[in-house]
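The values are calculated or read from the model by the stated rules, or taken from the named source; none is laboratory data. Every value quoted in this text rests on a predicted model; they were computed, and no experiment measured them. Cβ placement follows ideal geometry from the backbone for every residue including glycine, while neighbour counts extend to all protein chains displayed. Please note that ligands, DNA and RNA were not included when accessible areas were found on the heavy atoms of the full protein model with its side chains. Shrake-Rupley method; radii C 1.70, N 1.55, O 1.52, S 1.80 Å.
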Amino acid sequence: MIRMHDIASKLLALGFGVAFLLAASHYPFHATWLAPILLIYAGLLGWRPQLCLFALPVLLPVLDLAPWTGWFFIEEMDLLLLLTAAFAYWKMDVFKPSARLPACAWACIAVITLAYLIGIWRGLLPLSALDANSFADYLSPYNSLRIGKSWFWAIVLLPILLCCAGRDLVNIERYFIPGMLSGLALVSCAAIWERWLFPGLMNFSSDYRTTAPFSSMHTGGAALDGYLALSFPLLAIWLLARSSRLKVAAAIGLLAAGGYAGLSTFSRGLYAAYAGSTAIIATYLTYPLLVALKLKNTPWGNMRRLAGAIGAMLLIMYALFNVFSSAGYRGFAAALAVLLAAAIVATRRIPWKLWPTTLLCSIAIEVSLGSLLSLNQSAGGMLKPPYLLFMVSALAFAGALAAPRNRLFVLLIAFWCLALSALWVGSHWGGMAALRPGALVVAIAVGLIAVNTIARTPLWRIDRTSLTLASAMAILLALMIPFSASYYAVERFSTTRSDLEGRVRHWTQVLDIMDGDLMTQAFGMGLGKFPVTYRWRNLQRELPGSISYLDEINNRYLRHFAPQYPAGYGEVLRLLQRLPIRANTWYVLAFDVRRPDGRSWLNISICERMLLYPKNCVHAPLGVLPPGANWQHHTLRLDSAHLGAGNWLARAPTQLEVAVGGGPTFVDIDNISVREENSGVELIRNGAFEDGNDGWFFSSDRHHLPWHAKNLALNLYFELGWLGVLSFFSLLLYAIAHLLAQAGHAGIRATAYLAALVGFQVVGLFDSLLDVPRIALLFYLVLFVALMLPSNAPPHPSRK
């Protein structure tokens, strides 16, 4: 018997399939890998539709081709999701819903949907005809559809989640969590690669802003911060649950990569999100830790020992911070190695009588070897005597660990040699000033050995759990201290108060530019209305730069408006196109320009640029272009010099940049061409702008307030009014309460989801986040998965 909902799912599948074909027929696939990716994905969905639970969280954050295509209204995520919905709804009758949402959650979802429908309608008003400018920038009324689609895609995917989750959410564990962590790995690698190409991996003094694969950050925002805050806490599921060794090893590697990616943003909001997520997970660990230490029946002993553990950790962080400040990276690495060695030695019972003898022996060995190595003064780099001696000591310690357990004499000598050589490394780098913090680290290391030796029951042992936690702590310390002690981090935190005051002024202005009627308070100004409302109503009389496509006599051209700032300073809007530039090659740049106002200026450059900040630019020698009402044609020669040098991995992206300035004026531009002088190969796509923004993207590098409300709750109020704010936070608070109630059953899963949702909201205190569709959609998916945790779940293995 054919059921009505089966017919409905088939009709929906056909509708999504037709929409996919229509969108794909217009999408500019030129010079992208999107077509084969979609074909492979379609094959996977035809084979196993539940694989979408893995593929979507992997592809959504990284499949962002706007800098190549120029499309950011209808984008890659839409094609991906149309394909997902078409296949999944077609096979919906094969699956029975295996998960449920609480009734209260459904009620909140219904009200949020109503708020979004009203917000989209108000955002579209006044209705305008479709033209080349409809999907070219954020000032268009169709921006409401761009922002609103994230929620409605989440609603489309919700039945798929419920059907594909599997019994006891087995497919969430099998596909969704690995998908989220695989996406985190790809984003982290992209961030690390970007740092390597531009400021350098160890350059912590630059104000470079990493964007990774998130093109939405071309006007600022915190898409990368929000994504990392959402996905990074999910690592706890693999780290702390009973996972395979491969998963634990992968999680430890991801901890290092994701930690570096997050800390290198120098975002104070993301730092706070990481701290909050860590505190939530640490709270979860407290009870099993007390049970493991057999302190359950001694509450005052618990408090004392926990306070001692916290105090010891703070002392270690203080000592390592000072070591890094005085002895640099090498002294810091040596000190961290000494602490890890002490933690290992402490698991062996060391007789007190061995301590003085082994110390004297190690001093004699270190002095002898140090004197011998110092005879070769020509050695450089890591072969210098202090570093070479430390490496020899480390190898000796590793060899002593492999010896039988009764060779404690050798093990302790190797430890003392390692500690003494670490002091030499620090003093060699930082002079006598580095000896005091280095000595404190050695004292702490000896204290760790003494405490575990004195204790009746060892406080820690070498097993899988302790090794995992020790590795995680070592990685976090190795990342946190260099970043926190860096010049730029200190500068960032020193300006926190003034920056917060500026942000509060911006929030006040966001409220001031809203209409004051009851309808606006209830339902908001409309989705996507903030950029255009700020442009015309801001109290500073700022007019950010913009672009527009105009037609005259069957010819389309670009009108590039210069920004206007009363204070005389403001970031220009740069029009960009990625080019495959080759090093040491001559190119011919040609363009038509019309400059009606003599105050305006035009700059055209080819630069190394990922998204925001240019580097190593080759500027076109334009000089002063004559003003006039007629078009002028210009042809110039450019030497690419070193741009485009290096192999594919070490080659920074190169882009053509067009910028206009000079006050409240504009410049008309048409027929841009960049050709290789010898071969005549054209590099510019759509240089005549006949296809609108195809191939072109834009960037506002540093001035971002005109584009974002800079607070998630305030942005919701501005766009959706109190209806949107109350319904959204009702669903969020219900999810948090649900996760807190499930912590005893779902264990680390519920805790990790809770940390992810809270971390995302912490970043949302200082950025809008939900105005980035792919980030908003990922947040909604994690929120729905968290709500799917059953109330009567059996105890998770991690809590047994």
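Within the option set A85, A129, A115, being open to solvent by 60 Å² or more (accessible area, probe 1.4 Å) and either more than 32 Å from the chain's Cα centre (by Cα) or closer than 29 Å to L59 by Cβ (or both) holds for one residue only, A129. Looking only at residues in the range 698-736 that are assigned to a helix (DSSP H, G or I) and among the aromatic types (F, W, Y), the one that is most open to solvent (accessible area, probe 1.4 Å) is W722.
Residues in the range 672-697 that are charged (D, E, K, R), part of a loop (DSSP other than H, G, I, E, B) and open to solvent by less than 30 Å² (accessible area, probe 1.4 Å): 1 in all. Quick check: is even one residue across the range 551-559 in contact with a strand residue (DSSP E or B) (Cβ under 6 Å, 6 or more places away or on another chain), open to solvent by 60 Å² or more (accessible area, probe 1.4 Å) and at pLDDT below 95? Within the range 551-559, none of the residues are in contact with a strand residue (DSSP E or B) (Cβ under 6 Å, 6 or more places away or on another chain), open to solvent by 60 Å² or more (accessible area, probe 1.4 Å) and at pLDDT below 95. Picking from residues in the range 561-580 that are open to solvent by less than 30 Å² (accessible area, probe 1.4 Å) and within 21 Å of S215 (Cα to Cα), the one that is modelled with the lowest pLDDT is E571. How many residues does the range 467-491 hold that are more than 17 Å from N203 (Cβ to Cβ) and open to solvent by less than 30 Å² (accessible area, probe 1.4 Å)? Residues in the range 467-491 being more than 17 Å from N203 (Cβ to Cβ) and open to solvent by less than 30 Å² (accessible area, probe 1.4 Å): 4 in total.
Quick one: in the range 395-409, which of the residues that are in contact with a helix residue (DSSP H, G or I) (Cβ under 6 Å, 6 or more places away or on another chain) and at pLDDT 85 or above is most open to solvent (accessible area, probe 1.4 Å)? Restricting to residues being in contact with a helix residue (DSSP H, G or I) (Cβ under 6 Å, 6 or more places away or on another chain) and at pLDDT 85 or above, the top hit is A396. Considering M382, M391, the condition of being within 38 Å of the chain's Cα centre (by Cα), assigned to a helix (DSSP H, G or I) and at pLDDT below 80 is satisfied by M382 alone.
I'm trying to understand the selection: among the residues of the range 764-782, which are over 14 Å from the mean Cα position of the chain (by Cα) and either of a type in the set (A, V, I, L, M) or not in a loop (DSSP other than H, G, I, E, B) (or both)?
Matches in the range 764-782: L765, L770, P773, L777, Y780, L781, V782.
Charged (D, E, K, R), modelled with pLDDT of 80 or more and closer than 22 Å to V442 by Cβ: is that true of R330 in this structure? It is true that R330 is charged (D, E, K, R), modelled with pLDDT of 80 or more and closer than 22 Å to V442 by Cβ.
Here P97 meets each of (1) over 24 Å from the mean Cα position of the chain (by Cα); (2) within 19 Å of N171 (Cβ to Cβ); (3) assigned to a helix (DSSP H, G or I) with one exception, condition (3). Within the range 737-764, being open to solvent by 20 Å² or more (accessible area, probe 1.4 Å) and of a type in the set (G, A, S) holds for A737, A741, A743, G744.
Among the residues of the range 44-66, is any in contact with a Pro (Cβ under 7 Å, 6 or more places away or on another chain), of a type outside the set (D, E) and under 30 Å from L612 (Cα atoms)? Scanning the range 44-66, I find at least one residue that is in contact with a Pro (Cβ under 7 Å, 6 or more places away or on another chain), of a type outside the set (D, E) and under 30 Å from L612 (Cα atoms), so the answer is yes.
Looking at the range 507-518, which of its residues are surrounded by 13 or more Cβ atoms within 10 Å (Cβ to Cβ) and without any contact (Cβ under 8 Å) to a residue 60 or more places away in the chain? Hits for the range 507-518 are Q509, I513.
In the range 316-329, the residues that are touching a residue at least 12 places away in the same chain (Cβ under 8 Å) reach residues that are surrounded by fewer than 16 Cβ atoms within 10 Å (Cβ to Cβ) with C-beta atoms within less than 7 angstrom, at least six apart or across chains, in these pairs: S326/A433. Residue selection: L539 satisfies the criterion of being farther than 21 Å from F666 by Cα and touching a residue at least 12 places away in the same chain (Cβ under 8 Å).
Among the residues of the range 583-606, those identified as touching a Ser or Thr at 6+ places or on another chain (Cβ under 8 Å), surrounded by 15 or more Cβ atoms within 10 Å (Cβ to Cβ) and not in a strand (DSSP E or B) are T585, S600. Which ones in the range 626-671 are of a type in the set (A, V, I, L, M, F, W, C), within 30 Å of I553 (Cα to Cα) and open to solvent by 10 Å² or more (accessible area, probe 1.4 Å)? Result: A629, W631, L636, F666.
Taken as a whole, the condition of being surrounded by 15 or more Cβ atoms within 10 Å (Cβ to Cβ) and part of a helix (DSSP H, G or I) does not apply to V504. Taking the range 433-451 as the search range and keeping residues that are farther than 14 Å from N322 by Cβ and over 37 Å from the mean Cα position of the chain (by Cα), which one is most open to solvent (accessible area, probe 1.4 Å)? Filtering first and then ranking leaves V451. Assess whether I160 counts as being in contact with a Leu (Cβ under 8 Å, 6 or more places away or on another chain), in a helix (DSSP H, G or I) and open to solvent by less than 10 Å² (accessible area, probe 1.4 Å). Judged against the criteria, I160 is not a match.
Mind listing whichever residues of the range 115-142 are charged (D, E, K, R) and assigned to a helix (DSSP H, G or I)? Steps first, answer last, please.
Quick first cut of the range 115-142, residues charged (D, E, K, R) only: 122, 131, 137.
The one that is charged (D, E, K, R) and assigned to a helix (DSSP H, G or I): R122.
Among the conditions (1) open to solvent by 10 Å² or more (accessible area, probe 1.4 Å); (2) within 30 Å of L576 (Cβ to Cβ); (3) touching a residue at least 60 places away in the same chain (Cβ under 8 Å); (4) in a loop (DSSP other than H, G, I, E, B), L145 misses just one, which is (4).
Looking at the range 519-531, can you tell me whether even one residue there is surrounded by fewer than 17 Cβ atoms within 10 Å (Cβ to Cβ), touching a strand residue (DSSP E or B) at 6+ places or on another chain (Cβ under 9 Å) and either part of a loop (DSSP other than H, G, I, E, B) or of a type in the set (S, T, N, Q) (or both)? Within the range 519-531, not a single residue is surrounded by fewer than 17 Cβ atoms within 10 Å (Cβ to Cβ), touching a strand residue (DSSP E or B) at 6+ places or on another chain (Cβ under 9 Å) and either part of a loop (DSSP other than H, G, I, E, B) or of a type in the set (S, T, N, Q) (or both).
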